[in-house]
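Student: Structure incoming, see below.
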Amino acid sequence: MPYPALAEVHRLEHHLGDPSDPQTVFSYRRCLALDDDEQFPAEICRQLEDFGLQHYYVPARHGGRLADYDTSIQLVRALARRDLTVAIGHSASYLGAVCVWVAGNAAQGLRLASIIGAGEPVAWALTEREHGSDLLAGEVRAIRTGIGYRLTGEKWLINNAIRSSTLCVLARTRDEGGPRGFSLFLVEKARVPAGGVRWLPKVPTHGIRGVDVSGFRLERVKVTSANMIGPEGSGLETVLKALQLTRTLCAALSVGGTDHALRLAMRVADRREVSGCCLLEAPWMATTLAECYADHLLAEAFCVVAGRAIQTLTPELSVIAAAIKYVLPVRAEAMIARLRRLLGPRVLLAGGPEGGMFGKVERDHRIVSLFDGNTLVNLTTLIGQFPLLVRAREAGRPPAAGLRTCCELSQNLPDGDLGRLSLVATRGCSLLLALPAAVEELTALRRSEPELDSVADAARRLDAAVGTLHRLMDQLPPARLDMPPVAFDLAGRLATAMAGAAALLLWLRNRDAAARRGSVTAALWCHGGWLHACLSRVLVALGDSSHIQRVPHDVLLHVLGRQVASGVAPSLFSSPQPDGELR
């Protein structure tokens, strides 16, 4: 089906040209060469800035083109499916600016918009060498002076630390620290006297070798009060709200990575022969590729719904963002590794099939689960909200009014209001609250479409599993630092179930429009084909493998093959082509 957010993606792809052509600036071959040399893709980034991609990191109220997160997320996905190094290096400016979008004033917003609009990178300086994800232990100090503050200390493992023109720095403003002991400051390098900033060396990394991952030390750098983002002491709260946005954006990196991995796997399988037969014709190969495609479609569905939730379910984003930041990177890593084992070690060699690109995708993607809150951090966030989620389900609370707009792609998104971000989802999660009614709706549909029997049964099993999870969550002791391992297992399964709920709601709200189209993707939507495959993968993760034998793998593999052969991304949605056709 057509997906409005892909219109700008098509324009970007046309601007960048064919990535398989070695003469293209943003080509696969050039990205491999830059990776070998551990060089930042500067020329590629200039081409992206010629397109104006940086303006999609700036909200429309500040003069940018970020009117809906749906489009911006799909643009980042388009970068990631060509090269994760470029996607992570270029989109870092959004991360560096996001705290201003959440809590900054109008002057700060306009200033940062002009900096990003000029193509100058911005860095988000949160972490420190000795403290990792523990932001409350940060030692960078901001000492009050007569007209502002004086910043001293070191930040490390910062994306674009050296290349950036502006830093967003989290610093301790109270000796005792604590939740209200940290504040955020904008530091423009050009306004810092010589010697005020000492740059630390680039850190060699296993993946994303060309990205500027480094650090810096501030030496009594003076800033005025106008450089502070939000009130003093609000830094940690602002960061936690901003992370809800960046974690959702990270979903695009995982989906883009599996876009690329699936394309490579299909091309290798289609060309290789074993005992005189095409590898793709082997049943075990076909089943594995179809299941990996189902995992990819599940991730895509959750990514689309979560991206639209930024503007439609804003107060619930603390739960949705933590769930998607756990589920997508973890499942994408497992999927890429499964494909690599299937294809054999030759795909990792520079002289092997596809020139070693598969190995690069796998290496690059491993970083995604680590930044903007690792898997442990996101599971802990979900555990802390178990009581709220249980209470909402027990009360039979209805889903939020914005859920329909969130899931129905033909509906325009409302203006985003980041002031509605909340540290906790006080009214629960609408994706889970809507699940019982969604199952009833699907059950009613099966009366006129008997072909939906299997998918309706899978949806009922998912709802039952979610009910069991909530009962087990309710039996846990109150959240504390030493939560038992079972709590993390429950959080992981809840996040996976949430992905299944998102897929079900996306299919229900868009199935009629999708099935009417004559494109190849219509076959995925008819009779719930892709939904059945996705729910089956969710149920397997939840310990129920009863649906494996009934999944329409032949349909999935046919569509995947058509998409790869046509040069479009593996997707639920039709991609517009220069000739105007949908494929």
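Student: Restricting things to alpha carbons, tell me how big segment 387-479 is in terms of Rg and Dmax, in Å.
Tutor: 15.9, 46
Student: Rounded if a/c is under 1.5, else prolate if a/b beats b/c, else oblate: with a ≥ b ≥ c from the C-alpha gyration tensor eigenvalues square-rooted, which is segment 171-247?
Tutor: Oblate is the answer for segment 171-247, as a/c is 1.5 or above yet b/c matches or exceeds a/b.
Student: Follow-up. Along its principal axes, what span do the Cα atoms of segment 1-116 show, with the longest given first and each in whole Å?
Tutor: Principal extents (largest minus smallest coordinate, Cα): 44, 38, 19 Å.
Student: Normalising by the residue count of segment 147-196, find the relative contact order in percent from Cα pairs under 8 Å and 6+ residues apart.
Tutor: Dividing the mean separation by the residue count of segment 147-196 yields 30 percent.
Student: Over the Cα atoms of segment 285-358, Rg to Rh with Kirkwood Rh, two decimal places?
Tutor: Reported Rg/Rh, Kirkwood definition of Rh: 1.14.
Student: A follow-up question, please. Given charges of +1 on the Cβ of Lys and Arg and -1 on the Cβ of Asp and Glu, with all other atoms neutral, how large is the dipole of segment 191-240 about its Cα centre, in debye to the nearest 20?
Tutor: 320
Student: Mind listing the phi-derived Karplus ³J(HN,Hα) values for segment 564-573, rounded to whole Hz, using 6.51, -1.76 and 1.60 with θ = phi - 60°, and x for any glycine or proline?
Tutor: 5, 5, 7, x, 10, 5, x, 6, 6, 10
Student: Shifting gears a bit: How much length is gained if the chain between E281 and A464 is pulled fully straight, taking 0.36 nm per residue apart and subtracting their Cα-Cα distance, in nm to one decimal?
Tutor: Gain in length upon complete extension: 62.2 nm.
Student: Could I ask something else about it? If you plug each phi of segment 58-64 into the Karplus form 6.51 cos²θ - 1.76 cosθ + 1.60 with θ = phi - 60°, what whole-Hz ³J(HN,Hα) values come out, in order, with x for Gly and Pro?
Tutor: My calculation for segment 58-64 gives 10, x, 4, 5, 9, x, x Hz in order.
Student: Note the full-extension length gain between D512 and V25 as 0.36 nm times their separation in residues minus their Cα-Cα distance, in nm to one decimal.
Tutor: 171.3 nm
Student: Work out the length of the dipole vector of segment 151-210 about its Cα centre, built from +1 on the beta-carbon of each Lys and Arg and -1 on the beta-carbon of each Asp and Glu, and round it to the nearest 20 debye.
Tutor: Dipole size: approximately 200 debye.
Student: Would you indicate which of (1) -0.30, -0.70, -1.57; (2) -0.29, -0.67, -1.41; (3) -0.33, -0.72, -1.36 is the value of log10 I(q)/I(0) by the Debye sum over Cα atoms at q = 0.06, 0.09, 0.13 Å⁻¹ derived from the coordinates of this structure?
Tutor: Label of the calculated value: (2).
Student: Rounded to the nearest 0.05, what FRET efficiency do R404 and V203 give with R0 = 56 Å and r taken as the Cβ-Cβ distance? Could you check?
Tutor: About 0.80, to the nearest 0.05.
Student: From the backbone phi of segment 309-320, what are the Karplus-calculated ³J(HN,Hα) couplings (6.51 cos²θ - 1.76 cosθ + 1.60, θ = phi - 60°) in whole Hz, Gly and Pro given as x?
Tutor: Here the 3J(HN,Hα) series is 5, 4, 9, 10, 10, 3, x, 9, 5, 4, 7, 5 Hz.
Student: Hey, another quick one. Normalising by the residue count of segment 476-576, find the relative contact order in percent from Cα pairs under 8 Å and 6+ residues apart.
Tutor: Relative CO of segment 476-576 lands at 25 percent.
Student: Given a cut-off of under 8 Å on Cα pairs at least six residues apart, what relative contact order in percent is computed for the chain?
Tutor: Here the relative contact order equals 15 percent.
Student: What number comes out for accessible area per residue over the chain if the probe is 1.4 Å? Units Å², please.
Tutor: For the chain, the per-residue accessible area is 38 Å².
Student: Report, in listed order, any pair from K222/K325; K222/K360; K155/K325 with a Cα-Cα distance greater than 31 Å.
Tutor: K222/K325; K222/K360
Student: Compute the distance in nm between two label points, each set 7 Å from the Cα along the Cα-to-Cβ direction, one at D18 and one at A444.
Tutor: Going by the 7 Å Cα→Cβ label model, 5.0 nm.
Student: Full-extension gain between S114 and R267, please, as 0.36 nm times their residue separation minus the C-alpha to C-alpha distance.
Tutor: Computed gain between S114 and R267 is 50.8 nm.
The values are calculated or read from the model by the stated rules, or taken from the named source; none is laboratory data. Since the model is a prediction, treat every value here as computed from it, not as a measurement. Here Cβ is always computed from backbone atoms with ideal geometry, including for glycine, and neighbour counts include all displayed protein chains. We work out accessible area using only protein heavy atoms, side chains counted, and drop any ligands, DNA or RNA first. Shrake-Rupley method; radii C 1.70, N 1.55, O 1.52, S 1.80 Å.
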